Amino acid sequence: MLIDSLSSYYYGEPDQEWGAGEAPLAPGELLAPGYKVVDHLRRGSRLDVYDVWSEERSCRCVAKTVRPERADDQRAVGWLRNEGVLLTQFTHPHLVRGYEIVQTAEPARPVVITETLPGHTLSYLIDEHGRLRPIDAAVLGIQLCSVLTYLHRRGWVHLDVKPSNIVEVGGRAVLLDLSLSCRIGERSSAGTFDYLSPEQAAGEEMTPAADTWGLGITLYEALSGTTPWADVSHREHSTNGTRYYPQRDRVAAPLRTHRRLPAALSRTVDACLAPDPKSRPTVEEVAANLITWSGVDPRTTTA
């Protein structure tokens with residue numbers, strides 16, 4: 001088991017203030033036909049996430065939809081629809097299960113319905129319990145490599161692998177949020193500042209190496225409690241007024257500068273953060289290195 005987790009229906013990151021806008025739906029209100037709000041879980045800049053009751057399934061589900069005032073934001077709507085299509089098509093034990101895509105009433109917006117996961121995000125666990133034991137981080141990495149390999153073999157990259165998009169459920173890591181995913185070979189600059197690969201920051205064509213980077217940053221944080229760019233605010237800008245991405249011109253400090261760890265494990269994580277995507281290992285190679293170091297049988301650690 002990675003870390004003993006309190007049983008909960010926590011999903012996503014804490015609510016944030018994102019300026020003025022229509023208030024979220026209250027418990028008991030109807031979000032979409034057959035789905036009644038139990039609680040509002042999270043508000044982001046474009047999306048709302050709800051805990052809902054499914055009349056058809058007689059169980060609680062998670063519903064993600066575009067905020068009412070962003071109903072005309074075609075980029076947000078497109079990202080959400082893309083995620084819904086992928087989650088309802090793809091099935092993997094380390095990927096959140098998507099049930100269906102439905103529609104709200106006016107203003108009409110897509111709603112992606114997924115399973116409810118009785119666990120906490122990895123970011124929450126790191127904040128509450130501290131850094132992971134090396135063996136637990138290795139198991140986490142092996143499981144994430146399993147689902148990322150599944151996506152890559154189907155021609156897709158995730159592009160937002162990070163602790164807040166991973167839920168630990170009884171020793172099983174489950175990857176969330178395919179909203180930023182794109183096909184291998186497409187250009188993308190979408191992602192989260194601290195976890196963005198250099199090629200994402202540059203808006204280049206995406207390859208599976210971008211997910212190797214996200215995996216590496218996630219393991220780096222899980223083992224050290226910090227990210228390589230924690231000293232740089234995402235609000236900082238260069239002198240020409242464009243956003244500054246330190247990962248484009250700075251090499252991540254070796255993991256062992258933060259914590260005394262087995263050399264083989266540290267080398268595996270550090271290799272994921274090579275600035276040149278062609279120099280990074282594939283996720284299959286990362287899994288093989290973690291298995292060799294840990295002696296863990298993947299048949300017993302992947303669901």
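The values are calculated or read from the model by the stated rules, or taken from the named source; none is laboratory data. Because the structure is a prediction, the values reported are computed rather than measured. Using ideal geometry, Cβ is built from the backbone for each residue, glycine included, and neighbour counts are taken over all protein chains shown.
Restricting to the stretch 80-115, name every residue that is hydroxyl-bearing (Ser, Thr, Tyr) and either touching a His at 6+ places or on another chain (Cβ under 7 Å) or modelled with pLDDT under 95 (or both).
Taking the stretch 80-115 as the starting set, the residues that turn out to be hydroxyl-bearing (Ser, Thr, Tyr) are 88, 91, 99, 104, 114.
Once the filter is applied, which keeps residues that are hydroxyl-bearing (Ser, Thr, Tyr) and either touching a His at 6+ places or on another chain (Cβ under 7 Å) or modelled with pLDDT under 95 (or both), the stretch 80-115 yields only Thr104.
Please indicate, with yes or no, whether at least one residue in the stretch 52-61 is modelled with pLDDT of 95 or more, in contact with a helix residue (DSSP H, G or I) (Cβ under 9 Å, 6 or more places away or on another chain) and β-branched (Val, Ile, Thr).
There is no residue in the stretch 52-61 that is modelled with pLDDT of 95 or more, in contact with a helix residue (DSSP H, G or I) (Cβ under 9 Å, 6 or more places away or on another chain) and β-branched (Val, Ile, Thr).
Output the residue which, of all residues in the stretch 82-112 that are more than 17 Å from the chain's Cα centre (by Cα), touching a residue at least 24 places away in the same chain (Cβ under 8 Å) and not in a loop (DSSP other than H, G, I, E, B), is surrounded by the most Cβ atoms within 10 Å (Cβ to Cβ).
Val111
Restricting the search to the stretch 170-196, which residues are farther than 16 Å from Trp213 by Cα and either of a type in the set (D, E, K, R) or over 15 Å from the mean Cα position of the chain (by Cα) (or both)?
Gly170, Gly171, Arg172, Asp177, Arg183, Gly185, Glu186, Arg187
Just give me the residues in the stretch 148-176 being buried (at least 22 other Cβ atoms within 10 Å of the Cβ) and either β-branched (Val, Ile, Thr) or touching a Pro at 6+ places or on another chain (Cβ under 8 Å) (or both), in sequence order.
Residues satisfying the conditions are Leu148, Val157, Val161, Ile166, Val167, Val174.
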